[in-house]
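First up is the structure itself, then whatever we jot down about it.
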Protein chains: 2
Amino acid sequence: MKVSPLAPAEMPAMPPVDGVRLAVAAGGLRYKDRPDVLLALFDPGTTVGGVLTRSRCPSAPVEWCRDRLAAGTARALVVNAGNANAFTGLRGRSAVDITAKAAAKAAGCEPDAVFLASTGVIGEPLDPAPFESLLAEMATRAAPDGYADAAAAIMTTDTFAKVATRTVGIGETHVTINGIAKGSGMIAPDMATMLSFLFTDAPIAAPVLEKLVRRLSKITYNAITVDSDTSTSDTVLLFATGKAEARGVAPITDMSDPRLPPFKRKLRRVMKDLALQIVRDGEGASKLVKIAVSGAETSRGAEKIARAIANSPLVKTAIAGEDPNWGRVVMAVGKAGQAADRDRLSIWFGPHEVARGGERHPDYDEETVAAYMKNDEIDLSVDLGIGAGKARIWTCDLTHDYISINADYRS
Amino acid sequence: MKVSPLAPAEMPAMPPVDGVRLAVAAGGLRYKDRPDVLLALFDPGTTVGGVLTRSRCPSAPVEWCRDRLAAGTARALVVNAGNANAFTGLRGRSAVDITAKAAAKAAGCEPDAVFLASTGVIGEPLDPAPFESLLAEMATRAAPDGYADAAAAIMTTDTFAKVATRTVGIGETHVTINGIAKGSGMIAPDMATMLSFLFTDAPIAAPVLEKLVRRLSKITYNAITVDSDTSTSDTVLLFATGKAEARGVAPITDMSDPRLPPFKRKLRRVMKDLALQIVRDGEGASKLVKIAVSGAETSRGAEKIARAIANSPLVKTAIAGEDPNWGRVVMAVGKAGQAADRDRLSIWFGPHEVARGGERHPDYDEETVAAYMKNDEIDLSVDLGIGAGKARIWTCDLTHDYISINADYRS
């Protein structure tokens with residue numbers, strides 16, 4: 001599998017997060033000769049907040065996590081790639097129980113402090129038998145570094161490992177925010193898409209973590225779409241070990257804490273960085289496309305129009321063909337079912353205004369715009385001209401490689 | 001362009017419809033050396049009913065037709081392929097006016113009795129100058145036969161011409177229903193998709209025609225999707241010349257007329273036949289897929305679930321790859337946002353029940369189901385197990401050819 005042409009040029013060096021230790025292993029669940037299991041161990045006192053898929057057919061691990069997020073206490077995270085343990089009935093629930101117990105034993109905690117995620121094929125029973133010895137062994141060698149390996153262990157059709165990191169000052173000291181993510185296909189918005197795990201040593205109460213993740217997911221993970229398809233397994237979890245408290249950071253227990261905004265800004269950057277990496281690794285992607293809609297009646301309407309454009313196979317194939325086919329953008333605006341006045345619509349490809357006032361812009365020059373379409377990153381802007389609603393969505397193009405990857409994924 | 005492998009084995013012989021005359025011509029609007037303009041002339045007394053796209057960015061001809069359907073009188077229809085005259089601003093409206101006047105002159109009627117449709121590229125100005133002499137010349141040789149030529153003249157990315165015909169007894173005599181259609185990409189449901197023109201010699205009042213077309217479109221043209229993209233130009237018009245009145249058929253002026261049900265049944269067959277031909281000619285299609293959803297909370301919910309499956313790129317690519325990847329069907333059900341209970345869900349590929357009660361069916365045999373997937377026509381059934389709502393949607397698979405066709409349509 002060749003690496004996406006849109007992959008970041010280099011991976012950042014990932015500092016440790018005080019209170020987090022990682023280990024990966026080749027569990028042989030599906031892949032041969034590559035690590036496909038991640039164990040993260042958290043020191044006592046770690047809090048957790050998260051968002052999970054809104055799919056009506058969630059995986060067994062998603063249901064497990066949903067039941068345990070309210071307590072907000074975490075000591076371990078187990079992730080496996082290759083088998084989603086989704087639509088696996090009672091056996092799936094049993095596999096989750098057995099895995100959580102094995103992880104709890106390895107981590108020295110209660111099973112309720114274990115968080116689980118699985119990604120891969122849907123409907124295949126997941127045999128949890130190997131986990132007991134595997135997780136026990138992994139726990140003995142879990143170490144503060146290894147984020148790149150952790151990100152690699154949770155990949156499925158991903159072509160590169162996705163990590164991001166930021167530090168942020170809280171009072172006199174600094175805390176770290178690390179994140180990893182996986183996702184490439186079955187990526188759609190309107191819920192926390194794909195898997196992403198975020199780690200910080202800041203001391204933040206679980207309800208605050210949950211609110212932060214929920215709000216920021218809307219403008220990061222929920223603002224991306226590769227193929228409009230929403231996973232049964234989407235999971236975003238933010239773990240806070242609180243270790244910075246020993247360095248003088250008093251716990252943050254309220255959303256109105258004045259120390260929170262800078263943390264939130266950096267967390268947003270980590271989440272957006274990872275979200276865009278997922279689009280950059282969209283199955284078969286050759287272009288990263290930012291769709292900005294403004295002037296809509298409402299921001300919700302703007303978002304629906306942006307998604308209609310982002311999910312249109314005809315818009316996506318035109319971009320793949322480097323064809324500035326703005327007529328298909330008009331089509332997508334028209335089909336979104338939102339307030340629109342054709343004769344007040346303007347469309348830009350990058351800096352080039354291609355349509356204005358219900359027709360092609362008088363200065364439109366096909367060659368100029370076609371040259372712009374050769375870029376790896378395309379900005380597509382639409383102004384409805386009727387209100388103040390706006391939204392941004394990121395997507396990728398639709399290429400032959402998407403078909404090749406997905407017409408024969410299982411076999 | 002090779003003909004779709006799903007094309008019907010043969011085209012039916014199309015009888016004339018009393019009161020309808022047709023002519024086609026090569027207008028040179030976009031295509032070289034092929035007819036791309038259709039003129040249909042109707043005898044005085046012809047009524048018309050129709051449905052038009054609900055796109056918020058409709059083409060100029062769609063707006064023209066919408067304004068004239070209320071009167072319900074038709075003497076001529078002009079269709080051109082290659083240029084949609086959509087998003088062409090004031091020039092588009094002017095082109096429509098000029099074309100209608102030219103057709104009216106050729107037909108010897110008022111411009112308000114002329115109906116227009118254009119299909120092709122969006123955003124290119126349509127020069128109406130050639131129409132005056134072209135339509136005058138076409139009117140001189142318009143003839144009662146030539147439905148196959150008419151269907152061919154309105155094609156864009158279509159690979160075969162789409163016609164259908166039925167006769168139906170009304171009292172002691174018979175009337176004819178002929179239909180032609182075009183459509184291959186930018187085909188989506190939730191409105192009358194593509195272009196389709198229906199012709200009958202039955203004497204039926206315009207309001208009845210309109211109701212018939214609207215109701216039947218829901219279960220025919222609106223129940224198909226190729227790529228979830230809805231055209232700016234979708235138009236379905238049913239013209240009734242009333243010529244059968246001379247053969248003893250009294251006019252039908254009311255939906256409760258007892259002679260209407262058999263006519264409605266046959267009209268539905270013509271419309272469904274044409275709708276399925278459009279799916280069979282879906283851009284790049286290699287499989288015709290029927291998606292039947294039952295047991296949903298409501299029929300509207302069933303329809304949304306069926307559309308979520310039909311429009312899922314992952315389901316469509318799996319079918320293209322002849323992969324019985326029912327896990328992706330679970331995903332699509334989950335993302336549809338409708339009431340669903342994972343543990344009551346059953347899924348069939350053809351006669352093979354692959355999933356039941358929240359997990360893989362115990363008798364599931366990959367080889368058997370994989371063999372079924374090699375068929376040209378795939379039946380995919382989902383039972384939600386929670387209510388009585390049901391719906392059917394037809395679609396096609398998503399293949400490399402869809403990408404090839406659409407990544408470079410304009411150039």
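The values are calculated or read from the model by the stated rules, or taken from the named source; none is laboratory data. Note that the structure is predicted; figures quoted are calculated from it, not measured. Here Cβ is always computed from backbone atoms with ideal geometry, including for glycine, and neighbour counts include all displayed protein chains.
Within 14 Å of chain A (Cβ to nearest Cβ), on the phi < 0 side of the Ramachandran plot and in contact (Cβ under 8 Å) with a residue 40 or more places away in the chain: does that describe B:A86? Quick ask: steps written out before the conclusion?
Values: within 14 Å of chain A (Cβ to nearest Cβ): yes; on the phi < 0 side of the Ramachandran plot: yes; in contact (Cβ under 8 Å) with a residue 40 or more places away in the chain: yes.
It is true that B:A86 is within 14 Å of chain A (Cβ to nearest Cβ), on the phi < 0 side of the Ramachandran plot and in contact (Cβ under 8 Å) with a residue 40 or more places away in the chain.
With the structure loaded, tell me whether A:K101 is assigned by TED's automatic domain parsing to the domain that holds A:F197, under 23 Å from A:G49 (Cβ atoms) and either modelled with pLDDT under 95 or surrounded by fewer than 21 Cβ atoms within 10 Å (Cβ to Cβ) (or both) or whether it fails that test.
The answer is no for A:K101.
Say whether the condition of being at pLDDT 90 or above, buried (at least 19 other Cβ atoms within 10 Å of the Cβ), farther than 25 Å from B:V51 by Cα and aliphatic (A, V, I, L, M) is met by at least one residue in region B:148-169.
No, the conditions are met nowhere in region B:148-169.
Is it the case that B:K335 is more than 9 Å from every other protein chain (Cβ to nearest Cβ), closer than 29 Å to A:A285 by Cα and either free of Cβ contacts under 8 Å to residues at least 40 places away in the same chain or out of contact with any helix residue (DSSP H, G or I) (no Cβ under 8 Å at 6 or more places or on another chain) (or both)?
Working: more than 9 Å from every other protein chain (Cβ to nearest Cβ): no; closer than 29 Å to A:A285 by Cα: yes; either free of Cβ contacts under 8 Å to residues at least 40 places away in the same chain or out of contact with any helix residue (DSSP H, G or I) (no Cβ under 8 Å at 6 or more places or on another chain) (or both): yes.
Here the answer is no, as B:K335 does not meet what is asked.
Quick one: which residue in A:V330, A:V279, A:V270 is crowded, with 18+ Cβ neighbours inside 10 Å, within 12 Å of another protein chain (Cβ to nearest Cβ), in a helix (DSSP H, G or I) and not small (G, A, S)?
Values: A:V279 fails: within 12 Å of another protein chain (Cβ to nearest Cβ); A:V270 fails: within 12 Å of another protein chain (Cβ to nearest Cβ).
Being crowded, with 18+ Cβ neighbours inside 10 Å, within 12 Å of another protein chain (Cβ to nearest Cβ), in a helix (DSSP H, G or I) and not small (G, A, S) holds for just one of A:V330, A:V279, A:V270, which is A:V330.
Checking the structure you have, find out if any residue of region B:161-176 is under 22 Å from B:A103 (Cα atoms), under 19 Å from the mean Cα position of the chain (by Cα) and outside any strand (DSSP E or B).
Scanning region B:161-176, I find no residue that is under 22 Å from B:A103 (Cα atoms), under 19 Å from the mean Cα position of the chain (by Cα) and outside any strand (DSSP E or B), so the answer is no.
Mind telling me which of the residues A:R93, A:R34 ends up being modelled with pLDDT under 95 and part of a helix (DSSP H, G or I)?
A:R93
Taking into account only those residues within region A:49-76 that are farther than 30 Å from B:G327 by Cα and surrounded by 20 or more Cβ atoms within 10 Å (Cβ to Cβ), which is farthest from the other protein chains (Cβ to nearest Cβ)?
The extreme case among them is A:R75.
Taking region B:12-31 only, how many residues are surrounded by fewer than 16 Cβ atoms within 10 Å (Cβ to Cβ) and at pLDDT 90 or above?
Filtering region B:12-31 down to residues surrounded by fewer than 16 Cβ atoms within 10 Å (Cβ to Cβ) leaves B:12-13, B:15, B:26, B:28.
So of that shortlist, the ones also at pLDDT 90 or above come out as B:12-13, B:15, B:26.
Summing the residues that are surrounded by fewer than 16 Cβ atoms within 10 Å (Cβ to Cβ) and at pLDDT 90 or above in region B:12-31 gives 4.
If you check B:P61 against the conditions, is it in a helix (DSSP H, G or I) and either touching a residue at least 24 places away in the same chain (Cβ under 8 Å) or not small (G, A, S) (or both)?
Criteria met by B:P61.
What are the residues in region A:100-133 that are touching a strand residue (DSSP E or B) at 6+ places or on another chain (Cβ under 6 Å) and away from chain B (no Cβ under 14 Å), if any?
Result: A:A100, A:A103, A:A104, A:A107, A:A113, A:V114, A:F115, A:L116, A:A117.
In the set A:T317, A:T298, which member is assigned by TED's automatic domain parsing to the domain that holds A:A371, surrounded by fewer than 19 Cβ atoms within 10 Å (Cβ to Cβ) and among the polar types (S, T, N, Q)?
A:T298
Residue-wise test of (1) within 17 Å of A:S294 (Cβ to Cβ); (2) of a type in the set (D, E); (3) not assigned by TED's automatic domain parsing to the domain that holds A:L276.
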residue: A:D323; (1), (2), (3): no, yes, yes
residue: A:M331; (1), (2), (3): no, no, yes
residue: A:K335; (1), (2), (3): no, no, yes
residue: A:W348; (1), (2), (3): yes, no, yes
residue: A:V354; (1), (2), (3): yes, no, yes
residue: A:G358; (1), (2), (3): no, no, yes
residue: A:P362; (1), (2), (3): no, no, yes
residue: A:S381; (1), (2), (3): yes, no, yes
residue: A:A391; (1), (2), (3): yes, no, yes
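Of all residues being touching a strand residue (DSSP E or B) at 6+ places or on another chain (Cβ under 8 Å) and among the small types (G, A, S) in region A:341-368, which is farthest from B:F87 (Cα to Cα)? Just the residue, please.
It comes out as A:G350.
Got at least one residue in region A:118-136 being at pLDDT below 90, part of a loop (DSSP other than H, G, I, E, B), of a type outside the set (F, W, Y) and surrounded by fewer than 19 Cβ atoms within 10 Å (Cβ to Cβ)?
Taking every residue of region A:118-136 in turn, at least one turns out to be at pLDDT below 90, part of a loop (DSSP other than H, G, I, E, B), of a type outside the set (F, W, Y) and surrounded by fewer than 19 Cβ atoms within 10 Å (Cβ to Cβ).
Is there a residue in region A:282-291 that is at pLDDT 90 or above, over 24 Å from B:D401 (Cα atoms) and among the hydroxyl-bearing types (S, T, Y)?
No, because not a single residue in region A:282-291 is at pLDDT 90 or above, over 24 Å from B:D401 (Cα atoms) and among the hydroxyl-bearing types (S, T, Y).
Which of the residues belonging to region A:307-322 are at the interface with chain B (Cβ under 7 Å from one of its Cβ atoms), part of a loop (DSSP other than H, G, I, E, B) and over 13 Å from B:P313 (Cα atoms)?
Result: A:G321, single match.
Might you let me know whether region A:39-54 holds any residue that is touching a Gly at 6+ places or on another chain (Cβ under 6 Å), assigned by TED's automatic domain parsing to the domain that holds A:A102 and either assigned to a loop (DSSP other than H, G, I, E, B) or over 21 Å from A:F239 (Cβ atoms) (or both)?
yes
Take the conditions assigned to a helix (DSSP H, G or I), away from chain B (no Cβ under 14 Å) and under 30 Å from A:T176 (Cα atoms) and apply them to A:K264. Does it pass?
So A:K264 fits the description; yes.
How many residues does region B:130-160 contain that are among the small types (G, A, S) and touching a helix residue (DSSP H, G or I) at 6+ places or on another chain (Cβ under 8 Å)?
Looking only at that region, the number is 2.
Within region B:339-353, track down each residue that is surrounded by fewer than 22 Cβ atoms within 10 Å (Cβ to Cβ), more than 9 Å from A:C57 (Cα to Cα) and at the interface with chain A (Cβ under 8 Å from one of its Cβ atoms).
Result: B:A339, single match.
Only one of B:E366, B:E377, B:E359 is within 12 Å of another protein chain (Cβ to nearest Cβ), under 22 Å from B:A332 (Cα atoms) and surrounded by fewer than 15 Cβ atoms within 10 Å (Cβ to Cβ). Can you tell me which?
Residue meeting the stated conditions: B:E366.
Any chance region A:381-390 includes a residue that's touching a residue at least 24 places away in the same chain (Cβ under 8 Å), at the interface with chain B (Cβ under 9 Å from one of its Cβ atoms), surrounded by 15 or more Cβ atoms within 10 Å (Cβ to Cβ) and more than 31 Å from the chain's Cα centre (by Cα)?
Keep residues of region A:381-390 that are touching a residue at least 24 places away in the same chain (Cβ under 8 Å), which gives A:381-390.
Those still in the list that are at the interface with chain B (Cβ under 9 Å from one of its Cβ atoms) too: none.
Within region A:381-390, none of the residues are touching a residue at least 24 places away in the same chain (Cβ under 8 Å), at the interface with chain B (Cβ under 9 Å from one of its Cβ atoms), surrounded by 15 or more Cβ atoms within 10 Å (Cβ to Cβ) and more than 31 Å from the chain's Cα centre (by Cα).
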